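Remarks on the structure that follows.
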Amino acid sequence: MKEMDKIKFSRIAKEISNDLKKIPKEWDGREAILEMKNSEYNQWKQMEWIGFYFQFLCEKYLNKIMEIPGPKYGNTEFDGFKGIPWDFKSHAINTSSHQIIVNDSEAIAKAINEFGAVGVILALGEVEYNDDERTFQMWHEELKGGLSKYSEERIRRGAWSRLRKVELNLKQISFIRIDDDVLVKSGSFQRNFRNADGSPRREKVLLNLEKLDEEIVYFVDFNQKRKLKE
DNA sequence: ACATAAGCACATTACGAAAC
DNA sequence: GTTTCGTAATGTGCTTATGT
(Lines give C-alpha, C1' and ligand atoms only; values in the text may rest on other atoms or scores of the structure.)
Protein backbone atom coordinates (compact mmCIF):
# COMPACT_ATOMS: atom_id res chain seq x y z
CA MET A 1 0.00 0.00 0.00
CA LYS A 2 2.67 2.44 1.06
CA GLU A 3 4.98 1.27 -1.69
CA MET A 4 2.27 1.89 -4.20
CA ASP A 5 2.05 5.46 -3.00
CA LYS A 6 5.74 5.93 -3.48
CA ILE A 7 5.59 4.57 -6.99
CA LYS A 8 2.76 6.89 -7.79
CA PHE A 9 4.65 9.80 -6.27
CA SER A 10 7.71 8.95 -8.27
CA ARG A 11 5.72 8.80 -11.48
CA ILE A 12 4.25 12.25 -10.93
CA ALA A 13 7.63 13.64 -9.92
CA LYS A 14 9.16 12.30 -13.08
CA GLU A 15 6.49 13.87 -15.19
CA ILE A 16 6.93 17.25 -13.53
CA SER A 17 10.68 17.04 -13.81
CA ASN A 18 10.50 16.55 -17.55
CA ASP A 19 9.30 20.11 -17.90
CA LEU A 20 11.29 21.44 -14.99
CA LYS A 21 14.54 20.34 -16.61
CA LYS A 22 14.12 23.15 -19.07
CA ILE A 23 14.39 25.99 -16.57
CA PRO A 24 17.56 28.12 -16.50
CA LYS A 25 20.45 26.95 -14.34
CA GLU A 26 22.20 30.23 -13.73
CA TRP A 27 20.10 32.67 -11.78
CA ASP A 28 21.47 36.17 -11.73
CA GLY A 29 19.75 38.24 -9.06
CA ARG A 30 19.39 41.40 -11.08
CA GLU A 31 18.18 39.59 -14.18
CA ALA A 32 15.76 37.44 -12.19
CA ILE A 33 14.26 40.44 -10.43
CA LEU A 34 13.93 42.39 -13.67
CA GLU A 35 12.36 39.40 -15.36
CA MET A 36 9.76 39.13 -12.62
CA LYS A 37 9.16 42.87 -12.69
CA ASN A 38 8.72 42.93 -16.46
CA SER A 39 6.32 40.01 -16.26
CA GLU A 40 4.36 41.94 -13.68
CA TYR A 41 4.93 39.21 -11.15
CA ASN A 42 3.91 40.72 -7.85
CA GLN A 43 6.79 39.46 -5.79
CA TRP A 44 9.76 41.15 -7.49
CA LYS A 45 10.35 43.42 -4.51
CA GLN A 46 10.99 40.53 -2.16
CA MET A 47 14.34 40.10 -0.52
CA GLU A 48 14.36 36.30 -0.86
CA TRP A 49 14.20 36.47 -4.61
CA ILE A 50 15.48 32.89 -5.07
CA GLY A 51 12.31 31.55 -3.50
CA PHE A 52 9.97 33.68 -5.51
CA TYR A 53 11.93 33.26 -8.71
CA PHE A 54 11.69 29.49 -8.51
CA GLN A 55 7.99 29.81 -7.93
CA PHE A 56 7.82 32.17 -10.87
CA LEU A 57 9.64 29.63 -13.04
CA CYS A 58 7.37 26.82 -11.90
CA GLU A 59 4.29 28.77 -12.79
CA LYS A 60 5.78 29.52 -16.18
CA TYR A 61 6.95 26.03 -17.04
CA LEU A 62 4.41 23.86 -15.25
CA ASN A 63 1.11 25.65 -15.67
CA LYS A 64 0.04 23.28 -18.42
CA ILE A 65 0.68 20.04 -16.56
CA MET A 66 -0.45 20.94 -13.08
CA GLU A 67 -2.95 23.11 -11.27
CA ILE A 68 -1.50 26.32 -9.90
CA PRO A 69 -2.23 27.27 -7.20
CA GLY A 70 -3.24 24.23 -5.20
CA PRO A 71 -5.79 23.61 -2.46
CA LYS A 72 -6.22 25.90 0.49
CA TYR A 73 -6.58 24.98 4.16
CA GLY A 74 -7.44 27.84 6.43
CA ASN A 75 -5.19 30.68 5.39
CA THR A 76 -2.58 28.43 3.90
CA GLU A 77 -2.53 27.69 0.21
CA PHE A 78 -0.35 25.12 -1.49
CA ASP A 79 1.57 26.27 -4.54
CA GLY A 80 0.29 23.61 -6.87
CA PHE A 81 -1.65 20.39 -7.27
CA LYS A 82 -0.98 17.25 -9.29
CA GLY A 83 -2.23 14.06 -7.66
CA ILE A 84 -1.29 15.57 -4.30
CA PRO A 85 -0.67 19.15 -3.12
CA TRP A 86 2.81 20.47 -3.93
CA ASP A 87 4.90 23.30 -2.60
CA PHE A 88 7.81 24.99 -4.42
CA LYS A 89 10.92 25.88 -2.45
CA SER A 90 14.48 27.05 -2.95
CA HIS A 91 17.45 26.38 -0.75
CA ALA A 92 21.11 27.40 -0.67
CA ILE A 93 23.47 24.42 -0.32
CA ASN A 94 26.54 26.31 0.77
CA THR A 95 25.27 27.43 4.15
CA SER A 96 25.54 26.00 7.62
CA SER A 97 21.88 25.43 8.21
CA HIS A 98 20.03 22.81 6.26
CA GLN A 99 16.64 23.12 7.76
CA ILE A 100 13.90 23.95 5.39
CA ILE A 101 10.74 25.59 6.53
CA VAL A 102 7.65 24.12 5.01
CA ASN A 103 4.01 25.06 5.33
CA ASP A 104 1.69 25.63 8.22
CA SER A 105 1.54 22.46 10.33
CA GLU A 106 -2.19 22.22 10.48
CA ALA A 107 -2.61 22.73 6.75
CA ILE A 108 -0.09 19.98 6.03
CA ALA A 109 -1.78 17.61 8.45
CA LYS A 110 -5.12 18.19 6.79
CA ALA A 111 -3.72 17.81 3.30
CA ILE A 112 -2.06 14.51 4.22
CA ASN A 113 -5.30 13.36 5.71
CA GLU A 114 -7.11 14.11 2.51
CA PHE A 115 -4.57 13.02 -0.11
CA GLY A 116 -2.20 10.68 1.78
CA ALA A 117 0.83 12.88 1.27
CA VAL A 118 2.08 16.25 0.16
CA GLY A 119 5.14 16.97 -1.92
CA VAL A 120 7.90 19.54 -1.88
CA ILE A 121 9.76 20.49 -5.03
CA LEU A 122 13.04 21.79 -3.76
CA ALA A 123 15.52 23.71 -5.90
CA LEU A 124 19.03 23.35 -4.50
CA GLY A 125 21.84 25.59 -5.61
CA GLU A 126 25.07 27.26 -4.69
CA VAL A 127 24.61 30.91 -3.91
CA GLU A 128 26.92 33.91 -3.95
CA TYR A 129 26.69 36.22 -0.98
CA ASN A 130 29.42 38.56 -2.20
CA ASP A 131 27.42 41.67 -1.57
CA ASP A 132 29.65 43.07 1.14
CA GLU A 133 29.39 46.51 -0.33
CA ARG A 134 25.64 46.03 -0.50
CA THR A 135 25.63 47.25 -4.07
CA PHE A 136 23.10 44.61 -5.04
CA GLN A 137 20.88 45.56 -2.15
CA MET A 138 21.12 49.23 -3.05
CA TRP A 139 20.33 48.46 -6.66
CA HIS A 140 17.22 46.60 -5.55
CA GLU A 141 16.31 49.36 -3.12
CA GLU A 142 16.46 51.91 -5.87
CA LEU A 143 14.38 49.80 -8.21
CA LYS A 144 11.75 49.49 -5.51
CA GLY A 145 11.74 53.23 -4.98
CA GLY A 146 13.49 53.59 -1.66
CA LEU A 147 13.29 52.15 1.81
CA SER A 148 10.06 50.56 2.90
CA LYS A 149 8.27 51.55 6.02
CA TYR A 150 9.33 48.29 7.63
CA SER A 151 12.98 48.93 6.81
CA GLU A 152 12.84 52.41 8.28
CA GLU A 153 11.39 50.88 11.42
CA ARG A 154 14.12 48.29 11.47
CA ILE A 155 16.83 50.95 11.26
CA ARG A 156 15.16 52.84 14.06
CA ARG A 157 15.25 49.66 16.14
CA GLY A 158 18.93 49.31 15.39
CA ALA A 159 18.48 45.80 14.03
CA TRP A 160 20.71 44.34 11.35
CA SER A 161 19.83 43.91 7.74
CA ARG A 162 20.05 40.50 6.15
CA LEU A 163 22.67 39.71 3.58
CA ARG A 164 21.32 39.38 0.07
CA LYS A 165 22.06 36.61 -2.33
CA VAL A 166 23.46 37.84 -5.61
CA GLU A 167 23.24 34.74 -7.75
CA LEU A 168 22.33 31.08 -7.63
CA ASN A 169 23.77 28.17 -9.54
CA LEU A 170 21.17 25.43 -9.74
CA LYS A 171 22.55 22.01 -8.84
CA GLN A 172 19.61 19.78 -8.14
CA ILE A 173 15.87 19.64 -7.84
CA SER A 174 14.55 17.23 -5.23
CA PHE A 175 11.07 15.84 -4.90
CA ILE A 176 10.32 15.21 -1.26
CA ARG A 177 7.35 13.19 -0.14
CA ILE A 178 5.82 14.12 3.19
CA ASP A 179 3.36 11.83 4.93
CA ASP A 180 2.50 11.19 8.55
CA ASP A 181 5.62 9.12 9.11
CA VAL A 182 7.81 11.99 8.01
CA LEU A 183 5.98 14.36 10.29
CA VAL A 184 6.61 12.12 13.24
CA LYS A 185 10.21 11.53 12.26
CA SER A 186 11.20 15.07 11.43
CA GLY A 187 9.05 16.00 14.35
CA SER A 188 10.62 19.35 14.85
CA PHE A 189 7.87 21.82 14.61
CA GLN A 190 8.55 25.45 14.86
CA ARG A 191 6.38 27.72 16.86
CA ASN A 192 6.42 31.24 18.21
CA PHE A 193 7.74 33.00 15.17
CA ARG A 194 7.47 36.72 15.55
CA ASN A 195 5.58 38.49 12.85
CA ALA A 196 6.35 41.89 11.37
CA ASP A 197 4.40 43.64 14.11
CA GLY A 198 5.59 41.51 16.99
CA SER A 199 2.60 39.17 17.11
CA PRO A 200 3.24 35.43 17.21
CA ARG A 201 3.18 33.33 14.06
CA ARG A 202 1.59 29.98 13.53
CA GLU A 203 3.49 26.76 13.79
CA LYS A 204 5.22 25.38 10.72
CA VAL A 205 6.79 22.10 9.76
CA LEU A 206 10.56 22.06 9.67
CA LEU A 207 12.50 19.52 7.65
CA ASN A 208 16.14 18.76 8.20
CA LEU A 209 17.73 18.14 4.81
CA GLU A 210 20.48 15.97 6.22
CA LYS A 211 18.02 13.60 7.78
CA LEU A 212 16.01 13.10 4.66
CA ASP A 213 16.79 10.07 2.64
CA GLU A 214 14.02 7.84 1.52
CA GLU A 215 11.69 10.81 1.60
CA ILE A 216 13.53 12.16 -1.40
CA VAL A 217 11.90 9.84 -3.83
CA TYR A 218 13.14 11.39 -7.01
CA PHE A 219 15.53 14.09 -8.09
CA VAL A 220 17.06 15.79 -11.07
CA ASP A 221 20.79 16.38 -11.03
CA PHE A 222 22.01 19.34 -13.05
CA ASN A 223 25.66 18.49 -12.72
CA GLN A 224 25.67 15.13 -14.37
CA LYS A 225 22.55 15.60 -16.40
CA ARG A 226 21.15 12.28 -15.38
CA LYS A 227 19.08 10.97 -12.56
CA LEU A 228 20.72 8.97 -9.82
CA LYS A 229 17.59 7.63 -8.24
CA GLU A 230 14.37 6.28 -9.54
C1' DA B 1 -5.87 53.72 5.86
C1' DC B 2 -4.47 50.46 8.93
C1' DA B 3 -3.79 46.10 11.45
C1' DT B 4 -3.16 41.19 10.94
C1' DA B 5 -1.33 37.18 9.13
C1' DA B 6 0.60 34.85 5.52
C1' DG B 7 4.36 34.22 2.11
C1' DC B 8 9.70 33.61 1.30
C1' DA B 9 14.14 31.63 3.67
C1' DC B 10 17.49 31.88 7.03
C1' DA B 11 20.62 33.60 11.28
C1' DT B 12 21.81 33.21 15.94
C1' DT B 13 21.86 30.98 20.20
C1' DA B 14 21.73 27.42 23.44
C1' DC B 15 23.03 23.11 24.76
C1' DG B 16 24.88 18.54 25.04
C1' DA B 17 28.62 15.57 23.12
C1' DA B 18 33.23 15.17 21.96
C1' DA B 19 37.91 16.37 22.16
C1' DC B 20 41.76 18.20 24.66
C1' DG C 1 37.41 20.50 33.97
C1' DT C 2 37.34 23.30 30.10
C1' DT C 3 37.15 24.44 25.31
C1' DT C 4 35.38 23.27 20.92
C1' DC C 5 32.01 21.71 17.95
C1' DG C 6 27.79 20.12 15.76
C1' DT C 7 23.03 20.26 15.86
C1' DA C 8 18.40 21.43 17.79
C1' DA C 9 15.83 25.14 19.23
C1' DT C 10 14.39 29.63 18.86
C1' DG C 11 13.88 34.22 16.81
C1' DT C 12 14.58 37.46 12.62
C1' DG C 13 14.25 40.32 8.22
C1' DC C 14 11.42 41.54 4.51
C1' DT C 15 7.01 42.06 1.35
C1' DT C 16 2.29 41.09 -0.04
C1' DA C 17 -2.55 39.95 0.56
C1' DT C 18 -6.75 40.30 3.06
C1' DG C 19 -10.11 41.98 5.90
C1' DT C 20 -12.14 45.92 8.54
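The values are calculated or read from the model by the stated rules, or taken from the named source; none is laboratory data. These numbers were taken from a predicted model, which means no experiment stands behind them. Neighbour counts run over all protein chains shown; Cβ positions are idealised from the backbone, glycine included. Keep in mind that these areas ignore ligands, DNA and RNA; they rest on the heavy atoms of the full protein, side chains included. Shrake-Rupley method; radii C 1.70, N 1.55, O 1.52, S 1.80 Å.
Of the numbered conditions (1) among the polar types (S, T, N, Q); (2) open to solvent by 40 Å² or more (accessible area, probe 1.4 Å); (3) modelled with pLDDT of 60 or more, A:Asn192 satisfies every one except a single condition; which is it?
Just one mismatch for A:Asn192, condition (3).
When only residues in region A:118-143 that are more than 14 Å from A:Gly29 (Cα to Cα) and modelled with pLDDT of 90 or more count, which is most open to solvent (accessible area, probe 1.4 Å)? Give the derivation first.
Our first condition is that a residue be more than 14 Å from A:Gly29 (Cα to Cα); within region A:118-143, this holds for A:118-124, A:132-133, A:142.
Of the ones still in play, those that are also modelled with pLDDT of 90 or more are A:118-124, A:142.
Working: A:Val118: 3, A:Gly119: 1, A:Val120: 2, A:Ile121: 0, A:Leu122: 1, A:Ala123: 2, A:Leu124: 19, A:Glu142: 150 Å².
If we take residues in region A:118-143 being more than 14 Å from A:Gly29 (Cα to Cα) and modelled with pLDDT of 90 or more, then A:Glu142 is most open to solvent (accessible area, probe 1.4 Å).
Please tell me if A:Ala111 is touching a Pro at 6+ places or on another chain (Cβ under 7 Å), among the small types (Gly, Ala, Ser), buried (at least 21 other Cβ atoms within 10 Å of the Cβ) and assigned to a helix (DSSP H, G or I).
Against the criterion (touching a Pro at 6+ places or on another chain (Cβ under 7 Å), among the small types (Gly, Ala, Ser), buried (at least 21 other Cβ atoms within 10 Å of the Cβ) and assigned to a helix (DSSP H, G or I)), A:Ala111 qualifies.
Pairs needed: first member in region A:108-128, in contact (Cβ under 8 Å) with a residue 60 or more places away in the chain; second member anywhere, part of a strand (DSSP E or B) and of a type in the set (D, E, K, R); C-beta distance under 6 Å; at least 6 residues apart or different chains.
A:Ala117/A:Arg177; A:Gly119/A:Arg177; A:Val120/A:Asp87; A:Val120/A:Lys89; A:Gly125/A:Lys171
Hey, can you tell me all the residues within region A:81-99 that are more than 7 Å from DNA strand B (Cβ to nearest atom) and in contact (Cβ under 8 Å) with a residue 24 or more places away in the chain?
Residues satisfying the conditions are A:Lys82, A:Gly83, A:Ile84, A:Pro85, A:Trp86, A:Ile93, A:Asn94, A:His98.
How about region A:66-88: which of its residues are assigned to a strand (DSSP E or B) and away from DNA strand C (no atom under 13 Å from the Cβ)? Full working, then the answer.
Within region A:66-88, the first condition is being assigned to a strand (DSSP E or B), and the residues that meet it are A:67, A:72-73, A:76-77, A:80-82, A:84-88.
Within region A:66-88, A:Glu67, A:Tyr73, A:Gly80, A:Phe81, A:Lys82, A:Ile84, A:Pro85, A:Trp86, A:Asp87, A:Phe88 qualify.
So which residues in region A:1-49 are of a type in the set (A, V, I, L, M) and closer than 13 Å to A:Glu167 by Cα? Please lay out each step first, then the result.
Of the residues in region A:1-49, the ones of a type in the set (A, V, I, L, M) are A:1, A:4, A:7, A:12-13, A:16, A:20, A:23, A:32-34, A:36, A:47.
Passing the criteria: A:Ala32, A:Ile33, A:Met47.
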